[in-house]
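K.L.:
Before I ask anything, here is the structure I am working with.
The values are calculated or read from the model by the stated rules, or taken from the named source; none is laboratory data. A quick note: this is a predicted structure, and the numbers were derived from the prediction, not measured. Note that we place each Cβ from the backbone using ideal geometry, even for glycine, and neighbour counts take in every protein chain shown.
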Amino acid sequence: MTFAFDPASLSLPKQHFIGGEYVSGEDAMELTSPSTGKLLGAIPCADAALVDRAVQSARNALETSGWAGMQPRARLRALHAWADLIEKEAETLAKLEAICSSRPYAAALVGDVMVTAEQIRFFAEFADKEAGTLVPTSDSHFGFISDHPYGVIGAITPWNFPISMAAWKLGPALSAGNAVVLKPSEMTPYTTLYLAELSVKAGIPAGLVNVVLGDGPTTGNAITGHPGIDKVSFTGSTRAGAAIMENIARCGIKPMTLELGGKSPMVVFADADLDVAADALTTGIIPNAGQFCVAGSRMIVEASVADELAAKLAERFAKITPSATHSAEAGFSPIISEKQLQRIDSIVQSAAEQGAELICGGGRFDHEGAFYRPTLIGGVDETSPAVREEIFGPVATFQTFETEEQAMKLASHPTYGLAAGLFTRDLSRALRLTRDLEAGTVWVNRYGRTRDHILPTGGWKASGLGKDLGREAYLANRRTKSVLIDL
Ligand code: NAD
């Protein structure tokens, strides 16, 4: 099997998907391939009236299908049928993912798409297993806590793992008995549209999954402010998360889950296995060219092993070669847009101008498309934008420490608390520091998720509110009611 395809061979969905059918709109936003810089086509931008139509469609579908009140196992079966179709259509989905995003076709095919099907199945299983709770009361009362779907969930997703982000929102929302109006990123809408189409083919009632295309200020705002949206589930930048909070406060309070940005530390002590650490640190910043929320973009290393580790990293980074997402090599990913590449480069260059040391990288690859060299920046402190700001590229800062106290001080970020990595062979230290690190996820002697979807993900501090994945994500799509009966 060859992991390559001709981008011209694909037919690209480019309309909204509402009530089980494609709904056209005027072309409003152009999409460009990050691998080649070539124009892919254009998509429309849903205004408030179209978002309202999608919300009404979701509400009608809930009422006519009885989705929330049906035998829970019927929901479970429909979600498994959807996952079957996702697996069957994996090649098409992976191509649609690769053509506009930074995800290489091979990685999308064996990873993202298959994991999407797996995660839909994971969430399906909660439908007939989670139950309310009887509570202890006096003999003269009978008390219990029941739980119920919200109704219509408004979901908004980013461009960096488009199909996975859609699955993280749709899987638990549908399993828990809700309908969804989802806006994918305007840069990467194709797989979300195709997922919605497959949901109807799999027997999920039309109108339960609606996809509206558009940008944040127009379409996103119309979703979060719509009175018929019962809960908002957002993944994206902290800046957009703050704008969403503001809009919700203005238009009418409603619950929200926010999965936001990060600037995660990877802390290496001298007693760690340095080869294991070098491999893990590479995995912490290189996949998807560092464009993932939990990227380990701040390396914090005990001074006595800093030179040795920096050399190991520079050696690994130097071997990385770019390749288009539709090519067979499945190599290093492009940056999502030329504009984002320019932003990355300006942070790197200004750090260098202010006296930072470029240990390796710095600058774009001499290659077609938006490819940036894996970059390590030394000689920076916490005042540098390279240390403070989420760069969202293959760029990590490299700081050193002498004591555990200094390491923890450097690891703590004033704004973010999404994830952290810790490398040490000292068990007591590992246990002590996993407790003290201010992050929603801590990995020890590894960096990155496994396929254990039971582990929830989400940030502390300005990295977010609430969780995706795990039992928590299912429960986040239901609301509880306390009932007390006088006997
Ligand atoms: P972004 O915030 O620019 O956009 C995300 C989505 O929000 C897009 O669909 C966009 O159109 C929409 N949007 C933007 N402004 C909006 C507004 N005011 N109201 C409603 N919707 C709005 O983020 P991005 O550049 O697409 O993605 C990268 C960011 O996402 C990074 O900060 C990354 O850390 C974060 N992210 C977080 C997680 C997590 O689980 N915590 C996962 C993936 C990505």
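K.L.:
What do you reckon, is S233 within 16 Å of the ligand (Cβ to nearest atom), surrounded by 24 or more Cβ atoms within 10 Å (Cβ to Cβ) and in contact (Cβ under 8 Å) with a residue 12 or more places away in the chain? It would help to see each step written out before you state the result.
P.N.:
On the way: within 16 Å of the ligand (Cβ to nearest atom): yes; surrounded by 24 or more Cβ atoms within 10 Å (Cβ to Cβ): yes; in contact (Cβ under 8 Å) with a residue 12 or more places away in the chain: yes.
Yes: the conditions hold for S233.
One line per residue, one yes/no per condition, for (1) over 24 Å from E63 (Cβ atoms); (2) outside the structural domain of G448 (by TED's automatic domain parsing); (3) not aromatic (F, W, Y):
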| residue | (1), (2), (3) |
| --- | --- |
| I204 | no, yes, yes |
| G220 | yes, yes, yes |
| I223 | no, yes, yes |
| G228 | no, yes, yes |
| I244 | yes, yes, yes |
| N247 | yes, yes, yes |
| L274 | yes, no, yes |
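K.L.:
If Y372 satisfies every condition in (1) of a type in the set (S, T, Y); (2) within 16 Å of the ligand (Cβ to nearest atom); (3) more than 22 Å from T283 (Cα to Cα) but one, which is the exception?
P.N.:
The one condition Y372 does not meet is (3).
K.L.:
Could you please let me know if A83 is assigned to a loop (DSSP other than H, G, I, E, B) and in contact with a helix residue (DSSP H, G or I) (Cβ under 7 Å, 6 or more places away or on another chain)? Write out each step before concluding.
P.N.:
Working: assigned to a loop (DSSP other than H, G, I, E, B): no; in contact with a helix residue (DSSP H, G or I) (Cβ under 7 Å, 6 or more places away or on another chain): yes.
Spelling it out, it is not the case that A83 is assigned to a loop (DSSP other than H, G, I, E, B) and in contact with a helix residue (DSSP H, G or I) (Cβ under 7 Å, 6 or more places away or on another chain).
K.L.:
Anything in the range 95-112 that is under 12 Å from Y194 (Cα atoms) and out of contact with any Lys or Arg (no Cβ under 8 Å at 6 or more places or on another chain)? List them, or say none.
P.N.:
Listed by number, the residues that qualify are K95, L96.
K.L.:
Only one of P184, P172, P162, P205 is away from the ligand (no atom under 13 Å from the Cβ), within 27 Å of L76 (Cβ to Cβ), modelled with pLDDT of 95 or more and surrounded by 24 or more Cβ atoms within 10 Å (Cβ to Cβ). Can you tell me which?
P.N.:
P172 is the lone residue from the list that is away from the ligand (no atom under 13 Å from the Cβ), within 27 Å of L76 (Cβ to Cβ), modelled with pLDDT of 95 or more and surrounded by 24 or more Cβ atoms within 10 Å (Cβ to Cβ).
K.L.:
For the subset of the range 236-247 comprising residues that are over 15 Å from the mean Cα position of the chain (by Cα) and more than 6 Å from the ligand (Cβ to nearest atom), which member is farthest from G459 (Cα to Cα)?
P.N.:
Of everything passing the filter in the range 236-247, N247 is farthest from G459 (Cα to Cα).
K.L.:
Any chance the range 293-301 includes a residue that's within 10 Å of the ligand (Cβ to nearest atom), under 30 Å from A407 (Cα atoms) and not in a loop (DSSP other than H, G, I, E, B)?
P.N.:
Checked the range 293-301: no residue is within 10 Å of the ligand (Cβ to nearest atom), under 30 Å from A407 (Cα atoms) and not in a loop (DSSP other than H, G, I, E, B).
K.L.:
Taking into account only those residues within the range 444-464 that are of a type in the set (A, V, I, L, M, F, W, C) and in contact with a helix residue (DSSP H, G or I) (Cβ under 8 Å, 6 or more places away or on another chain), which is nearest to D279 (Cα to Cα)?
P.N.:
Ranking the qualifying residues of the range 444-464, first place goes to V444.
K.L.:
Moving on. Just a yes or no: is a residue in the range 428-439 more than 14 Å from the ligand (Cβ to nearest atom), touching a Lys or Arg at 6+ places or on another chain (Cβ under 9 Å), assigned by TED's automatic domain parsing to the domain that holds A277 and at pLDDT 95 or above?
P.N.:
Within the range 428-439 (the criterion being more than 14 Å from the ligand (Cβ to nearest atom), touching a Lys or Arg at 6+ places or on another chain (Cβ under 9 Å), assigned by TED's automatic domain parsing to the domain that holds A277 and at pLDDT 95 or above), the answer is yes, since at least one residue qualifies.
K.L.:
Mind telling me which of the residues D279, D215 ends up being of a type in the set (D, E), more than 9 Å from the ligand (Cβ to nearest atom) and surrounded by fewer than 20 Cβ atoms within 10 Å (Cβ to Cβ)?
P.N.:
That would be D279, the only listed residue that is of a type in the set (D, E), more than 9 Å from the ligand (Cβ to nearest atom) and surrounded by fewer than 20 Cβ atoms within 10 Å (Cβ to Cβ).
K.L.:
While we're on this one: Determine which single condition T450 fails, assuming it passes every other condition in (1) out of contact with any Leu (no Cβ under 8 Å at 6 or more places or on another chain); (2) surrounded by 17 or more Cβ atoms within 10 Å (Cβ to Cβ).
P.N.:
Only one criterion is unmet by T450, namely (2).
K.L.:
What strands (runs of 3 or more DSSP E) completely inside the range 1-71 contain at least 2 residues that are of a type in the set (A, V, I, L, M, F, W, C)?
P.N.:
Hits in the range 1-71: 16-18, 29-32, 39-43.
K.L.:
Filter the range 136-159 for residues that are away from the ligand (no atom under 12 Å from the Cβ) and aromatic (F, W, Y); which is surrounded by the most Cβ atoms within 10 Å (Cβ to Cβ)?
P.N.:
Y150
K.L.:
On to the next question. Going through I18, I86, I43 one at a time, which residue ends up being surrounded by 19 or more Cβ atoms within 10 Å (Cβ to Cβ) and under 30 Å from R364 (Cα atoms)?
P.N.:
The conditions single out I43.
K.L.:
Might you let me know whether the range 94-114 holds any residue that is more than 16 Å from the ligand (Cβ to nearest atom), assigned to a strand (DSSP E or B) and outside the structural domain of S323 (by TED's automatic domain parsing)?
P.N.:
no
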